[in-house]
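Working notes, structure below.
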Amino acid sequence: MRLFTIFAECNSSYVFSKFARCQCRESQLKLFKSAEDHFLVEIVKREMSQKSERRGIHVDQSELLCKKGCGYYGNAAWQGLCSKCWREEYQRARQKQIQEDWALAEKLQREEEAAYASIQGAQSHSQAQPSLAPFSKFEEKKTNEKTRKVTTVKKFFSPSSRTAPKKESHEGKTPSPSISRQSSIETDRVSRDFVDFLKNLQKPGREIHKQCRLFIEGMANKKDLGADELSECVQDFYQNMSDRLMTHFKGSTERVERVMDQVEKYIMTRLYKNVFCPETTDDEKKDLATQHRIRALHWVNIQMLCVPVDEEIPEVADNVVKAITDIIEMDSKRVPRDKLACITRCSKHIFNAIKITKNEPASADDFLPTLIYIVLKANPPRLQSNIQYITRFCNPSRLMTGEDGYYFTNLCCAVAFIEKLDAQSLNLSVEDFERYMSGQASPRRQEAEAPWPPAGPCGGGGTGTSPCLTQVYQNLDLLAGLGARQERVLEGARTLESDLINWQESVEREVQEILEKFPLEIRPPASASAIDSDNVENDRLPPPLQPQVFAG
């Protein structure tokens, strides 16, 4: 029974026919052994192929959704929640913190009053004057108690988030006049576009413009707030404005979203300098850490991430370059919606590259590794600051649903993967990973130094040709061609220089010959004389005519 099971697994008609021709028991046993070995080899190959297929980065799509199960996309910055659930949790935690602060204040107040009453006793005449001392002690105890509460929600009521920005840092970050002039021009243009857009709404447009101006003026006086508090103010304004517009437009979601897009563009363009990468946060420190991390991972290649993209195909290479350009361009935008548009364009170029390479639509398992590869190649400037800016100040409906929210969630996952990238993620040993990270070795250098089997009979282009050596030879040919072109350019420059020198010398010789042949004579000015004084034939001229008078 076991023998037929092995034969069935091997699924080889050749083995069946050979077994049927065997007459003796020993031959059948030998064939059984060979078939069993063949079956084991096939199983190992199958396991290896399945493992190779399972290699790479796979994220379950359910992991991208909100942990509350509301169906919207979550975000790592919001602890895996969507913006709606995060706001609810934030408000709940904030209210709880306020209640605890009030309870603590009342408790300390009671303790201070009891201590004060026991010390002062019957000295009622001095109650007003020394009341300042217990109050100061109460404030000191309250502050010390708050600093010890490290288990509360992170940075909700952090003193650092409420400290005023330092003047020195403001002076060090003063933008250049050209940048200020450019931002002023862009702000004026956005303001004109916003006013032109609101003119079509007539009376509601005037009210919207008034509310936006009042909100911007109010935000100018809240520079001391932390990033979370600023985000809360902006999101509350979005929510209130959206509710008013929904009532006015009688539930027309499309018109409300169109107006809210313009409101977001106008407000965030005006507030960009104050709310992008504020000094009360560590966004700048995270940007530097992420940039250093990506630079240290410069050796990661397509094969390690199992990226289904072939950059040898011109169309694929073009899409890869466009994706890198879009993700870098994100930092130049001022509106969260425009930054999201850059991420969306980058993601669509990635899907096109995968589709061209595989000749079939790309899947989510193919998209995330390719996005990680694009981020590693691009190393976008201020990546963490841009992600936090979008998270804090974008219209929440864009991050919760739609393709913009999906692509942004994947970008957050890609950045989180890069920060936690280790040897196991790339199917490397810990020793090799550490050597690559420290720069002691490079996988590309090892591939170039590794022995390769000889080329096939056709020479050069068979399966035995090293792709690294092929690239080296192509680079050498390219350098040789560039060297020849440089020599031709230098030879042409030398010829042109010689021709210019010869032309100058020939012109000088011709001018000298003409001067020698026709010397320049300078005659003295002639004295005043009659018009015909120089005429030698004056004597032979007839006498002048004389007037004659005829008598009448």
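The values are calculated or read from the model by the stated rules, or taken from the named source; none is laboratory data. Just so we're clear, the structure is a prediction, and the values are computed from it rather than from any experiment. Glycine also receives a Cβ, built like all others from the backbone with ideal geometry; neighbour counts cover every protein chain displayed. To get the accessible areas, we keep the full protein, side chains included, count just its heavy atoms, and leave off ligands, DNA and RNA. Shrake-Rupley method; radii C 1.70, N 1.55, O 1.52, S 1.80 Å.
A few points about this structure:
- The sole residue among THR269, THR281, THR253 that is out of contact with any Ser or Thr (no Cβ under 7 Å at 6 or more places or on another chain), buried (at least 17 other Cβ atoms within 10 Å of the Cβ) and of a type in the set (S, T, N, Q) is THR281.
- Matching residues, the range 236-281, being of a type in the set (Asp, Glu) and more than 20 Å from LEU225 (Cβ to Cβ): ASP243, GLU254, GLU257, ASP261
- Only helices (runs of 4 or more DSSP H) whose full extent lies in the range 393-483 are considered here, and the ones with at least 1 residues that are farther than 30 Å from VAL256 by Cα and modelled with pLDDT of 90 or more are 402-419, 430-438.
Per-residue answers, yes or no, for (1) of a type in the set (S, T, N, Q); (2) under 16 Å from the mean Cα position of the chain (by Cα):
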{"site": "ILE372", "(1), (2)": "no, yes"}
{"site": "ASN386", "(1), (2)": "yes, yes"}
{"site": "ARG398", "(1), (2)": "no, no"}
{"site": "ASP404", "(1), (2)": "no, yes"}
{"site": "LYS420", "(1), (2)": "no, no"}
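- Unique residue being touching a Lys or Arg at 6+ places or on another chain (Cβ under 7 Å) and on the phi < 0 side of the Ramachandran plot when the list is GLU232, GLU217, GLU207, GLU264: GLU264
- Test set (1) out of contact with any Ser or Thr (no Cβ under 7 Å at 6 or more places or on another chain); (2) over 30 Å from THR269 (Cα atoms) - VAL309 fails condition number: (1)
- Restricting the range 220-249 to residues that are of a type in the set (A, V, I, L, M), free of Cβ contacts under 8 Å to residues at least 60 places away in the same chain and crowded, with 16+ Cβ neighbours inside 10 Å leaves a set whose member that is nearest to PHE276 (Cα to Cα) is MET241.
- Yes/no for CYS394 being closer than 30 Å to GLU279 by Cβ and open to solvent by 10 Å² or more (accessible area, probe 1.4 Å): no
- Here GLU516 fulfils each of the conditions (1) open to solvent by 100 Å² or more (accessible area, probe 1.4 Å); (2) modelled with pLDDT of 90 or more apart from (2).
- Subset of the range 342-386 (residues that are closer than 15 Å to THR290 by Cα and open to solvent by 10 Å² or more (accessible area, probe 1.4 Å)): TYR373, LEU376, LYS377, ALA378, ASN379, PRO381, ARG382, GLN384
- Breaking point among (1) of a type outside the set (Asp, Glu); (2) at positive phi; (3) modelled with pLDDT of 95 or more, for ASN359: (3)
- Restricting the range 304-337 to residues that are among the charged types (D, E, K, R) and in a loop (DSSP other than H, G, I, E, B), the residue that is most open to solvent (accessible area, probe 1.4 Å) is GLU312.
- Test: residue in the range 317-329 that is at pLDDT below 90 and more than 21 Å from ALA296 (Cα to Cα): no
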